[in-house]
Structures are given as structure tokens and as C-alpha cells.
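A.B. asks: I'd like to ask some things about the structure below.
The values are calculated or read from the model by the stated rules, or taken from the named source; none is laboratory data. If you're wondering where the values come from, they're calculated on a predicted model, not measured in any experiment. Cβ atoms come from the backbone with ideal geometry, glycine included; neighbour counts cover every protein chain shown.
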Amino acid sequence: MELKIIDYGGIEYQKMTDLRTKILRTPLGLTYTEEYLLRDKDDILMACVEDEEMIGCCILTIIDSSTIQLRQIAVLESFQNKGIGTRMVEYSERIAKEMSIHKITLHARKVVADFYLKLGYHIEGDEFVEVNIPHLQMTKVLD
């Protein structure tokens, strides 16, 4: 298994978009618009690959000089509950630290909030609805 940064556009990016669609949008009856995907162009795109198969991915969006947002984390169903998500979050945190970022924020689907709590993230504010499902704003201050 390899964790790596990939470029916007190209074959790996298309695999990432396909995985995100399959895991994050199709179950909700949603799709991505071209306009939405254009947001990715300026972000840090992370992939988890095994035997040339995209098994996980996430995106880091710089908010300001001290904060980054972790978003669009997805793991292929057959690899869920095997530590892939944890490794991607930890990799994201290492990248943030290398960039001198001190805080990671994210919008967690309520059903996976416990996953982030176990990794040291804290809930901020009230529950809200995003893509038609309950979410929680969560943050972690990095050492």
C-alpha cells in the first residue's frame, strides 16, 4: 500500500474522482458537477494505492496560513475497517505539519464522527446538514 500526492487531471485523478463518486455521492443519489471538481485544482490530492488500484483518497484544502481542511475522504468498501482511513488521516496530518499548519478542520458525516474522535478530533458547534445528511464540524490542533 502506498500513500502519495497525485496531480489534478490525468488518470490517477480520474480514479480518485471515480472512487469519491462511488463512496460519497452515488449512495446519496448525487453526482459531482464540473464546477465542484474544479475546486480540486488548487488542493493537495492524496491517494492510497495498492497494486495500482485506488483504494482510498482524500483532499487537503488550505484555508489560511494556520488551518487546512481535510475533505472528501473515501475508502473502497472492501478495504474499510482495515486502518486505511486512519493512515490517510495521519498522512494528512504529517503533510500539514510539514507545511507549518497548526490546525486541521473537517466536516464529518455524523455516522463516522466516532472515527475522528478516536484520532483526537473534537466537535465544534452544532450538527448541520450537508449533501442532505447530518454532519459535524470537527477540528484537531496539531502538536
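A.B. asks: So for segment 28-37 (the condition being over 21 Å from Asn81 (Cβ atoms) and at pLDDT 95 or above), does at least one residue qualify?
C.D. replies: no
A.B. asks: Taking the residues in segment 68-104 that are touching a Phe, Trp or Tyr at 6+ places or on another chain (Cβ under 9 Å) and among the β-branched types (Val, Ile, Thr) as candidates, determine which candidate is farthest from Thr17 (Cα to Cα).
C.D. replies: Restricting to residues being touching a Phe, Trp or Tyr at 6+ places or on another chain (Cβ under 9 Å) and among the β-branched types (Val, Ile, Thr), the top hit is Ile104.
A.B. asks: So, in segment 49-82, exactly how many residues are farther than 17 Å from Ala96 by Cβ and among the hydrophobic types (A, V, I, L, M, F, W, C)?
C.D. replies: Applying the first criterion (farther than 17 Å from Ala96 by Cβ) to segment 49-82 yields 49-56, 74-82.
In the following step, the residues that additionally are among the hydrophobic types (A, V, I, L, M, F, W, C) were identified as 49, 54-55, 74-76, 79.
Total satisfying the criteria: 7.
A.B. asks: A follow-up question, please. Among what's in segment 44-78 and is surrounded by fewer than 17 Cβ atoms within 10 Å (Cβ to Cβ) and over 21 Å from Glu124 (Cα atoms), pick the residue that is modelled with the lowest pLDDT.
C.D. replies: Selected residue: Glu52.
A.B. asks: Checking the condition loosely packed, with under 12 Cβ neighbours inside 10 Å, among the aliphatic types (A, V, I, L, M), over 11 Å from the mean Cα position of the chain (by Cα) and farther than 20 Å from Glu12 by Cβ, which residue from Leu28, Leu38 passes?
C.D. replies: Details: Leu38 fails: farther than 20 Å from Glu12 by Cβ.
On inspection, the qualifying residue turns out to be Leu28.
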